[in-house]
């Protein structure tokens with residue numbers, strides 16, 4: 001048996017072994033860390049982080065959604081709105097945006113859409129995902145590629161107040177299932193292609209003996 | 001016969017012996033599974049990890065911990081058991097008849113025993129890190145490499161000691177036992193060193209351990225242990241580099257001793 005066939009064959013069987021491990025990892029179930037459902041009202045020409053205040057929360061106070069996610073956690077998001085808004089997942093704390101605007105403007109809490117645009121212009125890397133929602137329901141799963149703060153922000157440039165329904169789930173898993181499964185699905189055939197000539201030779205030799 | 005040919009012959013034979021089908025595949029499976037199953041990124045979320053380097057360090061360490069034991073098992077098997085049985089069965093004696101210098105034979109054996117396992121270990125680990133957290137790995141690649149260098153120093157020291165013992169005793173059994181004992185002993189000794197350092201408020205015990213196991217110095221540099229221990233000893237980055245350098249000098253010296261013994265003193 002040629003040395004090249006052996007090296008390629010063993011490389012192939014190693015790839016198959018790694019793929020098997022990745023398949024196994026993708027099969028290990030994930031579990032829910034947290035989540036919530038609710039409605040955020042976004043006044044005309046303003047932006048608002050996802051508001052998760054309970055129904056009877058005192059009016060001037062808000063309880064914005066922000067969390068820290070790792071690459072082993074994902075955020076499953078379902079949003080619907082009664083108008084046109086832009087939803088963002090930003091890799092910053094909600095109060096980082098508000099404090100930045102306060103510093104720039106030297107004024108009290110200003111949630112004008114242009115202030116958000118200024119913030120995003122200054123911090124383009126903070127945008128993890130963005131999507132326009134036009135009276136429809138959208139679903140998105142966000143998986144960070146680093147340990148990061150995460151907040152969800154709605155921007156309403158229209159002249160009407162818009163209600164946004166949200167449902168989010170924070171899921172924890174060993175590894176991003178789809179990503180790992182895709183790699184396993186690619187490496188398995190490559191492994192077999194490399195290994196088959198070597199395995200065939202091995203089989204022939206055994207039979208001959 | 002060209003000069004490279006006998007070396008390749010010995011290397012191929014050593015690889016064939018060390019990684020008989022399906023040993024290599026089983027270890028690759030265990031590396032991959034251990035890396036993903038035992039990875040814990042939540043450790044990178046603690047308040048102590050204020051810098052990007054510290055996050056990269058904690059994330060990399062969490063990935064290493066699971067697979068390092070598999071790596072150590074593989075080098076224990078290859079160096080002590082593999083080389084030991086080659087000495088006992090007279091295979092090394094056969095290699096001596098090849099038109100190849102003795103140090104060439106040992107290089108081929110070590111490339112197979114350590115090189116291939118190291119390649120597999122680092123290949124799977126760094127790929128897994130890239131799959132899971134590319135935005136941590138790529139900007140902090142230097143920290144990732146430094147973490148691997150610090151963590152691999154002690155296993156390589158064990159390998160060098162096992163190599164010497166196997167060559168001197170000409171059997172692998174005792175070397176294998178000593179290797180396992182040394183690996184277990186280090187965690188006990190580290191625990192004692194921490195206690196002594198804390199009790200005496202002197203970092204001397206930790207500094208001595210760091211010379212042979214620099215991962216301890218790196219851990220202290222990034223504040224891996226609690227603030228109480230960090231107050232006793234928080235080495236600077238250049239000190240950590242010095243400890244890593246010193247540990248590799250010791251490892252290299254032991255391997256050189258092994259080469260000298262194999263080339264000049266080993267009479268079969």
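The values are calculated or read from the model by the stated rules, or taken from the named source; none is laboratory data. Here the structure is a predicted model, which is why all the values come from computation and not from measurement. Cβ: placed from backbone, ideal geometry, glycine included. Neighbour counts: every protein chain shown.
Residues A:133, A:127, A:138: which one is surrounded by fewer than 20 Cβ atoms within 10 Å (Cβ to Cβ), within 14 Å of chain B (Cβ to nearest Cβ), under 20 Å from the mean Cα position of the chain (by Cα) and modelled with pLDDT of 90 or more?
A:127
Condition check: within 23 Å of the chain's Cα centre (by Cα), on the phi < 0 side of the Ramachandran plot, buried (at least 16 other Cβ atoms within 10 Å of the Cβ) and away from chain B (no Cβ under 14 Å). Does residue A:90 satisfy that?
The answer is yes for residue A:90.
Can you name the residue in the range B:112-121 that is within 14 Å of chain A (Cβ to nearest Cβ) and touching a helix residue (DSSP H, G or I) at 6+ places or on another chain (Cβ under 8 Å) and, of all such residues, is nearest to residue A:13 (Cα to Cα)?
B:120
Inspect all residues belonging to the range A:49-63 and state whether any of them is within 14 Å of chain B (Cβ to nearest Cβ) and either assigned to a strand (DSSP E or B) or modelled with pLDDT of 90 or more (or both).
No - not one qualifying residue is present in the range A:49-63.
Yes or no: the range B:38-59 includes at least one residue that is facing another protein chain (nearest Cβ under 9 Å), in contact (Cβ under 8 Å) with a residue 60 or more places away in the chain, more than 23 Å from residue B:141 (Cα to Cα) and surrounded by fewer than 23 Cβ atoms within 10 Å (Cβ to Cβ).
Within the range B:38-59, none of the residues are facing another protein chain (nearest Cβ under 9 Å), in contact (Cβ under 8 Å) with a residue 60 or more places away in the chain, more than 23 Å from residue B:141 (Cα to Cα) and surrounded by fewer than 23 Cβ atoms within 10 Å (Cβ to Cβ).
Quick one: in the range A:24-45, of everything that is part of a helix (DSSP H, G or I) and facing chain B (nearest Cβ under 10 Å), which residue is farthest from the chain's Cα centre (by Cα)?
Going through the qualifying residues, I end up with A:24.
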